[in-house]
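Asks: Here you go, one structure.
We did not get these values from a lab; they are worked out from the coordinates using the rules stated. Since this is a predicted model, take the numbers as computed values, not measurements. Glycine also receives a Cβ, built like all others from the backbone with ideal geometry; neighbour counts cover every protein chain displayed.
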């Protein structure tokens with residue numbers, strides 16, 4: 001059976017310097033720079049079939065709706 | 001059962017009912033049913049319905065009252081059609097880029113059940129017409145009843161309850177806003193650029209409280225999205241959730257706001273598609289028919 005986790009934070013992506021802002025249950029990806037951030041979020045979105053949300057404080061989350 | 005005297009009458013009713021069902025089978029924009037298998041199944045049921053309707057009056061005349069109970073049996077069978085339709089549509093729902101939604105499916109399932117009753121009714125009336133006045137009366141009875149019943153089955157459309165107009169798609173950082181509501185937060189720059197370039201925002205403005213409550217129904221909104229997607233195409237794929245078309249209620253006004261990236265960027269047909277979406281039976285609310293609703297509305 002196909003089980004999907006919807007409307008839950010699947011992953012958190014942020015710059016290394018923002019590491020203090022994030023913690024918790026979802027996998028956290030710390031990245032070096034904006035370019036890597038862009039790539040990682042895009043890849044994670046495609047792989048999880050979800051979408052990227054920008055929390056505007058430098059933290060990006062992945063959620064499948 | 002009864003003598004062959006009734007054979008022409010029954011045949012005429014049967015043919016009329018079957019042809020009526022055939023006429024109702026026209027493929028509309030819903031593209032459903034759209035495959036020969038689907039036609040065959042529905043025509044077969046229509047045939048059975050027409051046959052049962054056509055037999056009813058001759059059976060009564062022949063004082064074969066038991067035969068009339070077949071009509072009850074037919075009702076049972078046709079109810080089955082509804083659940084078959086519902087099941088098959090619900091199963092294919094997962095493969096739809098923009099799903100129909102449970103409300104729309106229920107509506108379609110009911111429609112297909114009802115069409116068999118219509119075939120039955122037309123069969124019955126036409127046979128009655130034949131028995132009273134021969135072919136001369138049967139033909140107009142059949143055509144007229146098919147026409148009237150078909151017309152009577154057409155429900156209200158969204159356009160009769162609300163005005164649809166284009167709105168501005170506003171961007172605030174990653175947020176996409178229309179009117180007072182933030183509709184979507186898009187974290188990918190690339191996706192945001194495409195929204196900026198190709199996105200269209202629309203507002204469905206209900207004329208009154210009836211429209212506001214009915215169009216606010218989540219099933220109704222999904223039905224509108226599905227109709228728009230199936231007619232204009234939506235730029236969307238699996239794993240590209242940020243292009244999902246959305247409809248949200250503007251809580252300050254009761255308007256329904258929609259954002260979409262259609263493949264065809266024309267706004268006029270988009271508005272037309274929304275206006276022509278049927279109002280779902282499951283969504284229909286009429287608060288203004290009640291004294292409470294009327295008092296509250298002013």
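Asks: Output the peptides B:10-23, B:156-169, B:126-139 sorted from most to least packed, where packing is the average of other Cβ atoms within 10 Å over each peptide's residues.
Replies: Answer by packing, highest mean first, reads B:10-23, B:126-139, B:156-169.
Asks: Oh, and also: How would you rank B:186, A:13, A:22, going from fewest to most other Cβ atoms within 10 Å of each one's own Cβ?
Replies: With the fewest neighbours first, B:186, A:13, A:22 line up as A:22, B:186, A:13.
Asks: Could you line up B:88, B:83 from fewest to most neighbouring Cβ atoms inside 10 Å?
Replies: Ordered from fewest to most neighbouring Cβ atoms within 10 Å, B:88, B:83 come out as B:83, B:88.
Asks: Here's another thing I want to ask about it. Within region B:143-165, which residues have the backbone N less than 19 Å from the label spot 7 Å out from residue B:272 along Cα→beta-carbon, could you tell me?
Replies: B:157-165
Asks: May I pose another question? If you take the square roots of the eigenvalues of the alpha-carbon gyration tensor of region A:9-63 and sort them as a ≥ b ≥ c, do you get rounded (a/c under 1.5), prolate (a/b over b/c) or oblate?
Replies: oblate
Asks: Let me ask something additional. Can you sort B:177, B:221 by how many other beta carbons sit within 10 Å, fewest first?
Replies: B:177, B:221
Asks: Continuing with the same structure: Using only Cα atoms and rounding to the nearest 10 degrees, what angle (0 to 90) does helix B:7-23 make with the longest principal axis of chain B?
Replies: Tilt of helix B:7-23: around 10 degrees.
Asks: Sticking with this one: Looking at chain B as a GNM with Cα springs under 10 Å, which of B:201, B:44, B:109 has the largest mean-square fluctuation?
Replies: Between B:201, B:44, B:109, it is B:44 that shows the largest mean-square fluctuation.
Asks: When chain B is modelled as a GNM with alpha-carbon springs shorter than 10 Å, which of B:218, B:191, B:119 fluctuates the most?
Replies: B:191
Asks: Please list, short to long, the whole-number percent of alpha-carbon pairs of chain B in consecutive 10 angstrom bins beginning at zero.
Replies: Final binned percentages: 6, 23, 25, 20, 14, 8, 3, 1, 0.
Asks: Another one. Taking Cα atoms, how many degrees apart are the long axis of helix B:36-61 and the longest axis of chain B, rounded to 10 and kept between 0 and 90?
Replies: Once rounded, one gets 40 degrees.
Asks: Further question: Which Rg and Dmax, in Å, describe the Cα atoms of the protein assembly as shown?
Replies: When restricted to the Cα atoms of the protein assembly as shown, Rg and Dmax are 27.0, 94 Å.
Asks: Here's another thing I want to ask about it. Report the residue, chosen from A:26, A:11, A:45, that carries the largest GNM mean-square fluctuation when chain A is represented by alpha-carbon nodes joined by springs under 10 Å.
Replies: Between A:26, A:11, A:45, it is A:26 that shows the largest mean-square fluctuation.
Asks: Determine the principal axes of the Cα atoms in region B:158-297, then give the extent along each, sorted from largest to smallest and rounded to whole angstroms.
Replies: For region B:158-297, the Cα spread along each principal axis is 52, 29, 25 Å.
Asks: Going by the alpha-carbon gyration tensor, a ≥ b ≥ c the square roots of its eigenvalues, is region B:4-152 rounded (a/c under 1.5) or, if a/c is not under 1.5, prolate (a/b greater than b/c) versus oblate?
Replies: It comes out prolate by the Cα gyration axes.
Asks: Relative to the longest principal axis of chain A, what angle (0 to 90°, nearest 10) does the C-alpha long axis of helix A:34-48 take?
Replies: Once rounded, the angle reads 10 degrees.
Asks: Something else: From other protein chains only, count the Cβ atoms within 10 Å of every residue's Cβ in A:44-55, then give the mean.
Replies: Per-residue shielding by partner chains comes out at 5.
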